[in-house]
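Following: one structure in structure tokens, then a few remarks.
Coordinate-derived values only; no laboratory data. The model shown is predicted, which means the values in this text are computed figures rather than measured ones. Cβ atoms come from the backbone with ideal geometry, glycine included; neighbour counts cover every protein chain shown.
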Amino acid sequence: MHVSRFFGLVLILISSGIAASAQTAPNADLGQVRHEMEQLKQEYQKMSAAYEARLKQLDARLQQLESTSPQPALVSAAVVTTRPTPVVATTAASTPTAANPANQNAQTQEQGGESPRPIQETTDSIQQSLSQQRENAVRERLETVLHNFVDVTGYFRAGYGRDDEGGPQVTFQAPGAMAKAGRLGNEAENYGELAISKSFYLPGAFSLKKNSAGGPATSPTAQFLVRISMFNPYQNYNASSNTTFGIAEAWGAVGHLSDSQPALNVWAGNRYYRRHDVHIDDFFLYNMSGGGGGVEDIKLPFGKMALAWIGLGSQSGFSDIPEPNTTNKAGFSKGNFDFRLYDMPMLGGRGEFGFDVSKTSSGKDQSGAEAPGATGVGFTFIHTADKWLGESNMNKFYIQYGRGPAKTFTSGFETYTTPAGSFIRPDASDSYRFRVADNVIFEPGNHFTVSPVVIYQLTDYKQFGGSQHWFSAGVRPQAHFNDFVSLAFEPFVDWTDNKETHVSDHLFKFTFAPQVSLGRHFMSRPAIRGFVTYAQWGNGFKGQIGGPDYLNSTQGVTWGAQMESWW
């Protein structure tokens with residue numbers, strides 16, 4: 001003990017001084033000095049014993065306080081879209097540290113003080129409700145972490161480019177094609193999404209088991225997500241009037257309503273719904289996103305099932321009215337019943353079947369005109385082979401057929417442009433679309449990754465556009481020099497054949513892009529890249545590709561720099 005050492009040092013110094021004095025003192029005083037030294041030794045022993053006893057009492061009191069400190073208890077929770085790493089609550093909660101404010105507050109109250117409170121007014125009803133939750137004791141540290149956890153995810157691409165005609169970068173896309181001729185070096189816009197997700201749990205939702213940080217949730221959970229989107233074309237760079245902001249998603253779900261169906265959840269709102277896409281041309285082949293509600297992740301013996309009703313509304317004029325007035329619009333609505341079977345083991349991967357029933361109708365415009373209504377059905381099959389010949393490899397095959405309004409394989413409408421403006425394309429009941437596609441991501445080694453895609457589509461719009469063919473093929477190989485530096489190439493060719501306009505031709509695009517990214521995988525992001533893009537198209541597409549800069553051209557060059565990131 002520090003106290004014992006201190007008094008021992010004092011005793012040694014005193015003894016040394018007394019001994020030195022005794023050597024020069026008369027023999028008559030020797031007995032008196034020895035008597036005083038003996039008294040000092042006795043006093044020191046008594047004081048040392050008293051300090052030892054007091055320290056033992058304080059140590060026992062400290063252990064008692066730690067064993068009786070209140071443990072965390074969940075008040076209201078917040079959901080996460082990804083499961084966090086479990087936190088062992090028993091050890092962290094027993095030691096008063098800066099990372100465990102619950103114990104610090106308990107000690108402050110034990111000492112007669114007042115627990116620190118957040119500086120926040122509680123006069124309105126929402127803050128009063130939150131303050132009541134904050135005043136509840138925290139029972140489990142895991143639940144405390146979840147209560148305060150908000151998951152933030154996002155996607156952004158931004159940059160700038162120019163074309164060889166002196167204007168801002170343009171996008172090269174064939175008339176009648178439903179996607180760009182590859183997205184690398186061919187995205188003439190800034191675009192971003194920022195999503196905030198929060199989950200909610202009931203008190204005691206997580207039962208801690210012996211030697212385990214956390215057991216499974218034993219009560220319903222809920223989730224809310226909101227996603228904000230931004231779009232700004234290079235043609236009007238940084239112009240606030242030409243920057244579009246929107247709420248891409250705002251929806252909530254409640255899950256774990258039954259122990260026999262722990263993954264089942266019911267949802268409502270506006271959401272991205274079970275989308276499937278090809279990354280290298282930014283094309284969503286199956287995208288029933290919209291507003292509505294449903295139930296998903298119903299476990300079956302052979303996979304899972306989901307049911308949803310999703311709709312979309314819009315406004316448009318009618319192009320078949322003589323001298324149409326684009327400001328004279330009617331409301332269009334489309335409702336879709338979506339049925340899915342998915343996560344079914346099949347052919348070394350997973351199978352997904354989608355069946356949709358869609359119905360469209362319109363209101364009347366100011367002249368009393370209305371578009372014809374229609375009903376149709378659509379079928380989609382998707383086979384996904386994850387970890388195909390490698391940990392990061394993937395192969396995705398699609399086959400789709402739809403009639404009437406279901407042929408879009410989306411919850412909304414398709415549009416087309418005439419000299420009078422852009423309009424919603426009506427859906428004839430006997431119109432149809434057939435589509436087949438395959439997309440691969442392949443990483444054979446540390447120095448090379450590649451992603452090819454092939455798409456063929458036949459659409460017959462009947463009296464609203466005739467039949468159209470679209471074929472697209474492209475590939476993006478990447479040579480990785482190390483974990484950060486790579487060189488990407490992207491050749492693409494698109495061909496369309498429009499039987500109504502009797503135009504059939506091609507578009508070829510090639511992009512060269514050195515880039516820096518965090519990792520040597522095909523999808524490693526963030527990525528910073530420079531690019532040069534060359535495009536060439538046939539005479540049949542003259543005046544229809546590249547905007548005003550290329551009205552009389554059949555080729556063009558663009559260059560620029562771009563950042564792309566998601567998390």
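A few points about this structure:
- For the stretch 150-566, with +1 on Lys and Arg beta carbons and -1 on Asp and Glu, the positive-most of Gly294, Tyr550, Asn539 along the dipole: Gly294
- Charged-residue dipole, Cβ positions (Lys, Arg, Asp, Glu), the stretch 426-567 about Cα centre, Debye nearest 20: 240
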